[in-house]
Amino acid sequence: MKIIDFKNITVVRDGKRLLDSLDLQINAGESTAVLGPNGAGKSTLLKLITREFYPLQTEEHTFKIWGSETWNLYELRDRLGIVSDSITSLVHPEYTCFDIVVSGFFSTMGIYNEEITPHMIKASEEAMDFMEVAGLRSRPISGVSSGEARRVFIARALAHRPGAIILDEPTNSLDIHAVRKFRGMISKIAKSGVTVVIATHTLQDIIPQVKKVVFLKNGRIAGTGSRKEMLTDRKLSALFGCKVSVIEKNGVYTCVE
């Protein structure tokens, strides 16, 4: 089953072509990294997946998620967990970590007048425990570190047990220790059977469990292949438009001067 099946997808906003004739397929169980420089179209691609953006209507295009072209947004959010800066920026600083996690069941960012069921409580607690933030349950989100907050938002995305989770620039603003901790947690998610899709401009986000790497540049797919095929000095230098040297250690790739 294909989670993502996009063919000949073009997105135009305010007269600007953000994605151009894009083809992208991601299978269930095929954790994938979409790698590209800033402005490549990664955020636009994620907004396509979440149905915030729609492609130009042409006879030749395919625009399917989980095999369907038509989705109720609430049903889609049950199948996909999304973590991005645009979502996390909506939270009130005094909301507790638990309220943020359980609010994922309502597609809100905090609890208002919703009825929270025992199932939602149990699932939220399990997700927080899985992400090792159970001890933050009653803490306001403004009172935790950036790395802890990121794990809280991932717990929110996992609480309803989606088949796939999509992460947008997941280690932005995290220090070295937090990046290592965070990368370990994402690997844990992938090992649990959830398909992980990472949109990023940095190699450090590409966990060892990623099976496929997709290059995105100027709104177009610039290459697709395995980690070994794609993460080379030559191909990364062409993608980013500068000389790039890469080292790999224990399945983790980093750039060096």
Which one of these does residue 57 not meet: (1) without any contact (Cβ under 8 Å) to a residue 12 or more places away in the chain; (2) outside any loop (DSSP other than H, G, I, E, B)? (2)
Pairs returned, first residue in the range 182-198 that is under 19 Å from residue 25 (Cβ atoms), second residue that is in a helix (DSSP H, G or I), beta-carbon separation under 7 angstrom, 6 or more apart or interchain, are 196/186; 196/189; 196/190; 198/205
Determine whether residue 235 is over 18 Å from the mean Cα position of the chain (by Cα), within 30 Å of residue 12 (Cα to Cα) and basic (Lys, Arg). yes
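Need at least 3 residues that are crowded, with 20+ Cβ neighbours inside 10 Å and touching a Gly at 6+ places or on another chain (Cβ under 8 Å) per element, so show me which strands (runs of 3 or more DSSP E) inside the range 191-253 make the cut, counting only ones lying wholly within it. Break it down into steps so the answer makes sense when it comes.
On the way: elements: 195-200, 212-217, 220-225, 245-249.
Hits in the range 191-253: 212-217.
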Single residue of the range 52-76 satisfying the filter (surrounded by fewer than 16 Cβ atoms within 10 Å (Cβ to Cβ) and among the charged types (D, E, K, R)) that is farthest from residue 3 (Cα to Cα): 59
Name the pairs: first residue in the range 93-116 and of a type in the set (D, E, K, R), second residue assigned to a helix (DSSP H, G or I), Cβ to Cβ under 7 Å, at least 6 apart or on different chains? 94/142; 114/106
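How about the range 149-181: which of its residues are among the acidic types (Asp, Glu) and either without any contact (Cβ under 8 Å) to a residue 40 or more places away in the chain or in a strand (DSSP E or B) (or both)?
Pass one, the range 149-181, residues among the acidic types (Asp, Glu): 168-169, 175.
Across the range 149-181, the qualifying residues are 168, 175.
Within the range 83-108, restricting attention to residues that are hydrophobic (A, V, I, L, M, F, W, C) and either over 15 Å from residue 158 (Cα atoms) or in contact with a helix residue (DSSP H, G or I) (Cβ under 6 Å, 6 or more places away or on another chain) (or both), which residue is surrounded by the fewest Cβ atoms within 10 Å (Cβ to Cβ)? Please lay out each step first, then the result.
So the first thing to find is which residues in the range 83-108 are hydrophobic (A, V, I, L, M, F, W, C), and the list is 83, 87, 90-91, 97-98, 100-102, 105-106.
Filter once more, so that each one left must be either over 15 Å from residue 158 (Cα atoms) or in contact with a helix residue (DSSP H, G or I) (Cβ under 6 Å, 6 or more places away or on another chain) (or both): 83, 90-91, 97, 100-102, 105.
Working: 83: 20, 90: 9, 91: 19, 97: 27, 100: 26, 101: 28, 102: 26, 105: 21.
Across the range 83-108, the extreme among qualifying residues is 90.
Read the figures in this text as sums done on the coordinates, not as results from a lab. These numbers come from a predicted model, not from an experiment. Glycine also receives a Cβ, built like all others from the backbone with ideal geometry; neighbour counts cover every protein chain displayed.
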